[in-house]
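S.K.: Pasting in a structure now, in structure tokens, and then I'll have a few things to ask.
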Amino acid sequence: MADEEHNTELLKAVGDAQIALIYASQKGIAIEQKVIHTIVSAKEFLTANTYSIDAETDFWLAYASLTNLIHPATIDSITWMQPTQNVDLKWYTRLFKISVAKQMVNVYRWVAFIVLAIMLCVQVYWVMGSGLISDFKTIPAKIEILGAEMNERIALLEEQAANDPGIQVIEAKILNLEEELHASSQGLIEWNKLWLGIKNIFENSKDTVKVSKESEPIFAIKYASFVLEAIQYYLLPLLYGLLGAFSYVLRNLANDIKEKVYTKESNINYILRLHLGTLAGLAIGWFFGNGSGGISSAGIGSLSPLALAFLAGYSVEVLFSGMDKLIAAISTKKSVQEDVPKLVPAK
């Protein structure tokens with residue numbers, strides 16, 4: 001039983017060595033003739049059951065020499081780059097003979113496209129809501145200014161004010177602004193229906209808060225303000241951080257495939273990278289979402305929080321390295337303060 005297991009492992013190693021030999025030949029890597037001869041003849045000796053201890057020793061030495069020559073590529077990474085008919089893979093992978101690495105490229109590419117589409121939809125939705133909310137801040141101020149101007153002209157002209165063209169023009173402007181404000185109010189009510197509909201789907205409830213017609217704009221403004229802040233400080237930074245992480249993964253994945261160093265462990269690292277990028281983007285939303293993050297650098301300070309979230313997702317090392325340095329500085333300062341002896345006043 002032990003001999004059978006040993007022969008099976010040895011046979012697999014011989015097959016892997018031949019794969020590495022093909023890869024090295026395709027890359028134009030110089031290999032000693034003795035190494036090539038040992039690996040090529042190994043399978044024949046093993047099949048004929050004429051393998052000796054010396055022959056096996058020569059094989060392992062040749063195998064080790066070959067793996068050093070093809071570094072950083074490995075047997076696993078080369079295998080993952082080859083088209084396979086493994087029954088454990090998806091049907092289209094077997095049908096079109098797609099390598100595991102190329103399959104993962106397609107997965108990452110399509111998921112990144114979906115994340116980008118979601119991010120753009122959320123961004124457009126947020127811009128529309130922000131524009132409608134801003135109308136409730138700017139239009140009433142304009143109406144107030146025009147009203148004050150009209151009152152001044154009425155007080156100045158007194159009885160002749162009724163026929164004054166200037167006052168009529170001001171009244172027309174105020175009327176247009178009021179209609180625009182009413183349109184923005186209705187638009188904001190419609191804008192709220194989207195997220196309220198999503199909320200009702202998850203809550204599986206058809207009950208809605210009943211408010212009067214006069215109170216509808218006030219409730220719409222309050223609801224929209226809450227949702228806009230949630231999107232601006234949490235959802236958008238999260239999506240930008242995730243998109244930055246996908247940019248990093250796709251960029252490095254292309255290099256891994258080119259160098260044939262992509263393995264199963266690489267896929268695990270990339271998945272963890274996506275999680276860290278999402279967390280980094282969310283952290284940027286917490287720290288700098290309100291614009292009071294205290295960034296003093298001219299280069300970084302000119303960037304918006306969403307741009308910072310994208311950069312943090314792309315390079316999570318920079319963010320977490322900065323956090324480590326900040327924690328180390330605080331810990332050092334605290335320890336220094338504790339080591340300073342307290343002066344006791346003389347009695």
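The values are calculated or read from the model by the stated rules, or taken from the named source; none is laboratory data. These numbers were taken from a predicted model, which means no experiment stands behind them. Counting neighbours? That spans all protein chains shown, and the Cβs are built from the backbone with ideal geometry, glycine included.
S.K.: Taking the range 268-281 as the region of interest, how many residues are modelled with pLDDT under 90 and within 12 Å of residue 242 (Cα to Cα)?
M.R.: 0
S.K.: Look through 143, 154 and report the one residue that is in the same structural domain as residue 188 (by TED's automatic domain parsing), part of a helix (DSSP H, G or I), within 44 Å of the chain's Cα centre (by Cα) and without any contact (Cβ under 8 Å) to a residue 40 or more places away in the chain.
M.R.: Answer to the selection: 143.
S.K.: Can you tell me which residue is surrounded by the fewest Cβ atoms within 10 Å (Cβ to Cβ) among those in the range 207-233 that are modelled with pLDDT of 65 or more and β-branched (Val, Ile, Thr)?
M.R.: Within the range 207-233, the match that is surrounded by the fewest Cβ atoms within 10 Å (Cβ to Cβ) is 218.
S.K.: Out of (1) within 50 Å of the chain's Cα centre (by Cα); (2) assigned to a helix (DSSP H, G or I), the odd one out for residue 31 is which?
M.R.: Just one mismatch for residue 31, condition (2).
S.K.: Also, quick follow-up: Only one of these conditions is not met by residue 112: (1) aliphatic (A, V, I, L, M); (2) at pLDDT 90 or above; (3) closer than 30 Å to residue 187 by Cβ. Which number is it?
M.R.: (3)
S.K.: Out of 170, 118, 114, I need the residue that is out of contact with any strand residue (DSSP E or B) (no Cβ under 6 Å at 6 or more places or on another chain) and crowded, with 16+ Cβ neighbours inside 10 Å. Which one?
M.R.: Among 170, 118, 114, only 170 is out of contact with any strand residue (DSSP E or B) (no Cβ under 6 Å at 6 or more places or on another chain) and crowded, with 16+ Cβ neighbours inside 10 Å.
S.K.: Within the range 260-291, can you find the residues that are part of a helix (DSSP H, G or I) and among the basic types (Lys, Arg)?
M.R.: Of everything in the range 260-291, those that are part of a helix (DSSP H, G or I) and among the basic types (Lys, Arg) turn out to be 264, 273.
S.K.: Say we look at the range 50-96 and pick out the residues that are exposed (fewer than 10 other Cβ atoms within 10 Å of the Cβ) and modelled with pLDDT of 70 or more; which of these is nearest to the chain's Cα centre (by Cα)?
M.R.: 72
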